[in-house]
Each structure stands twice: as structure tokens, then as C-alpha cells.
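The values are calculated or read from the model by the stated rules, or taken from the named source; none is laboratory data. Given the structure is predicted, the values throughout are model-derived calculations rather than measurements. Cβ sites come from the backbone with ideal geometry, for glycine too, and all protein chains shown count toward neighbours.
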């Protein structure tokens, strides 16, 4: 069974998430944006073995501690999709611009695409390609738990910003409506910032992507 813990990190309160298998006690760190010591303490408390780092996208607040965490545990980095390479290359620049103390570039061991899966322990996560916030953004979905880690694609009552380089709001809305909502109204999601919600609740009331807003 999948277990999870959300750890808000960086001044942006980004939801770094720990996913682990309670049968094998193997797991993954998703979107380690910063505050390495805080993440390591949460892993120690959860008492699982980190087997990989997973990334939804490569903005600094989601990926800034990737290099440090992956090297600490000697594990591979999987994700995001390859179109986010330029954001990875810009991590040192982002760090300087935003006044962050953590943030090094890195090379993912595996780029991820729509239809791929990632595994740790007895857990399998499905990968959904959801560009718009960034061109290489992906989402991780655990079908058995009906739980998704959506990064900055969608939030409770909002959607991801599209005013960054290579952002595209029409593309983002398409990603949400056509790739995520079909997974089911009952699916809970962990966003990159803020509280959890369900796809069903957002279809009802999200001012950007609700059924009555998009005209369906």
C-alpha cells in the first residue's frame, strides 16, 4: 500500500512529497525543492529506504535540492519530461535571482513520457505528460490509491502560472481537462503548493477549468 507525507519546503512552501511502499519500505522523494535537512529528517522519521528522486518539473522550488538528495542516497533521478532541460540548466541562475541558498544543476537519469511508469517497492506510478506550466511537466498517478502528485498543473481553486518562459495556458487547460480529469472525480491530488483537493471538486468549482467554465 502507498503511504505519503507532504513536506512544505523553501520560502514558496512547495509540497515536497515522500511516497513509500509500506510492504517493502522502499520509496521516493518527489520534487525536493530545498530545505535538505528538513527532507532528510522526515525520511528518517518515516523509516523507509529512498530508492529514487522523482520530478514533476524543473522550477527551482521543485528541483533545487535534487542534486543534494540524489547524491546523499546515491539514487537516480527520474523525470521530468525532456522539454524541461532548459529549466534544469537555469537552476543556478534561478537560485541567484531568488536568493535561494540551495540549487545545483543535474542530469536526470531518465526522462519520462506519457505512458511511462516508475516503480519502487510494490508501488507503480503512472506518468502523464501535462505541459503548460512548463513544457516538460509531468504528473504521477497511483491508480490503486486514486492519488496523484500534480506539481504545479492544478491547485485547489486555481491552476499553474503560465507567464514563465514557454508557458501556455491553453495547453495547460487541455492537459487538465483531457489528461487528468478522465482519471476520475474521486481522485485526490497533491498540488505543488497549498491544500489537497479532488478532480471532481475542481470540475465543479475551479474558475479556470470547471465544466461550466470550459463549456462542457
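The conditions of being in contact with a helix residue (DSSP H, G or I) (Cβ under 9 Å, 6 or more places away or on another chain), without any contact (Cβ under 8 Å) to a residue 60 or more places away in the chain and surrounded by 16 or more Cβ atoms within 10 Å (Cβ to Cβ) are met by residue 180.
Taken residue by residue, region 131-144 has no member that is over 26 Å from residue 51 (Cα atoms), modelled with pLDDT under 95 and either in contact with a helix residue (DSSP H, G or I) (Cβ under 6 Å, 6 or more places away or on another chain) or in a loop (DSSP other than H, G, I, E, B) (or both). Remark: residue 161 falls outside the filter, which requires a residue to be out of contact with any helix residue (DSSP H, G or I) (no Cβ under 6 Å at 6 or more places or on another chain), surrounded by 15 or more Cβ atoms within 10 Å (Cβ to Cβ) and in a loop (DSSP other than H, G, I, E, B).
With respect to residue 53, determine if the residue is on the phi < 0 side of the Ramachandran plot, crowded, with 18+ Cβ neighbours inside 10 Å and under 15 Å from the mean Cα position of the chain (by Cα). Let's see the steps before the verdict.
Values: on the phi < 0 side of the Ramachandran plot: yes; crowded, with 18+ Cβ neighbours inside 10 Å: yes; under 15 Å from the mean Cα position of the chain (by Cα): yes.
In short, yes.
For the criterion of being free of Cβ contacts under 8 Å to residues at least 40 places away in the same chain and touching a helix residue (DSSP H, G or I) at 6+ places or on another chain (Cβ under 9 Å), residue 69 fails. Looking across region 107-130 at every residue that is in contact (Cβ under 8 Å) with a residue 24 or more places away in the chain and part of a strand (DSSP E or B), the one that is nearest to residue 26 (Cα to Cα) is identified as 120. The single residue among 79, 103 that is surrounded by 23 or more Cβ atoms within 10 Å (Cβ to Cβ), at pLDDT below 95 and at positive phi turns out to be 103.
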